[in-house]
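The values are calculated or read from the model by the stated rules, or taken from the named source; none is laboratory data. Remember, it's a predicted structure, so these values are computed and weren't measured experimentally. Here the Cβ positions follow ideal geometry from the backbone for every residue, glycine too, while neighbour counts run over all protein chains shown. All accessible areas refer to the heavy atoms of the entire protein, side chains included, with ligands and DNA or RNA removed. Shrake-Rupley method; radii C 1.70, N 1.55, O 1.52, S 1.80 Å.
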Amino acid sequence: AKGKGAATTKSPLVIPTSKVIQDLDVYFNIEHSNVRDLSLALVSPSGSRVELFSNLGQNYSGGVSEVYLDDEATQPISDASSPFNGHYQPETPNALSIFDGEDALGSWTLEVIDSNRNNTGILNDWWLVIDSEVTPGITVTPTAGLETSEAGGPASFDVVLDSQPTADVTIAVS
């Protein structure tokens, strides 16, 4: 919750590899003298923005530590009690699904909004856990209509590597 005297810290995280997001989770560790003053938001390289939580719990000092926000978690962080530690859904269920289908490549930003400049806090660390679509790195053409002669003569097909393999490539021919 932004208010008079609010301060925003923006922490960037660069994802150097292009990958289509299927699922995204956020980990963070924050120490703050009054967690109720905090709101967190995540902004993708494309500009999509999700509020992760706002003004949690009662006045509590000590922080929000070892928190993983995951749409598939069983408990929303807003239903949890301080100290906040564990796996939770964002305050709005399925909020992280807004990033599904986006390219992870680029600079992500975690915004920490402190509605009261009179307290202090530290963002110790944060990262993203990204499950991505695996794009096949091979094109085989044609995929149908290959015929050999009755004598078992050869048939031809082309194999093209679309991207650098990261493991052995095996193609079954039957």
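Do we find that I30 is at pLDDT below 90, buried (at least 16 other Cβ atoms within 10 Å of the Cβ) and either touching a Gly at 6+ places or on another chain (Cβ under 7 Å) or outside any strand (DSSP E or B) (or both) in this structure? So I30 fits the description; yes.
Among the candidates I113, I98, I130, I77, the residue that is open to solvent by 40 Å² or more (accessible area, probe 1.4 Å) and either at pLDDT 65 or above or farther than 19 Å from S39 by Cβ (or both) is uniquely I98.
The residues of the range 90-107 that are free of Cβ contacts under 8 Å to residues at least 60 places away in the same chain and aliphatic (A, V, I, L, M), listed by number, are A95, I98.
Listed here are the residues, each with its yes/no results for (1) out of contact with any Leu (no Cβ under 8 Å at 6 or more places or on another chain); (2) in a loop (DSSP other than H, G, I, E, B); (3) farther than 16 Å from V43 by Cα; (4) charged (D, E, K, R).
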residue	(1), (2), (3), (4)
S65	yes, no, yes, no
S78	no, no, yes, no
S81	yes, yes, yes, no
Y88	no, no, yes, no
G101	yes, yes, no, no
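Among residues of the range 2-27 being among the hydrophobic types (A, V, I, L, M, F, W, C) and open to solvent by less than 50 Å² (accessible area, probe 1.4 Å), the one that is farthest from the chain's Cα centre (by Cα) is A6.
Every residue in the range 33-55 that is polar (S, T, N, Q), closer than 21 Å to S97 by Cβ and part of a loop (DSSP other than H, G, I, E, B), please. Listed by number, the residues that qualify are S44, S46, S48.
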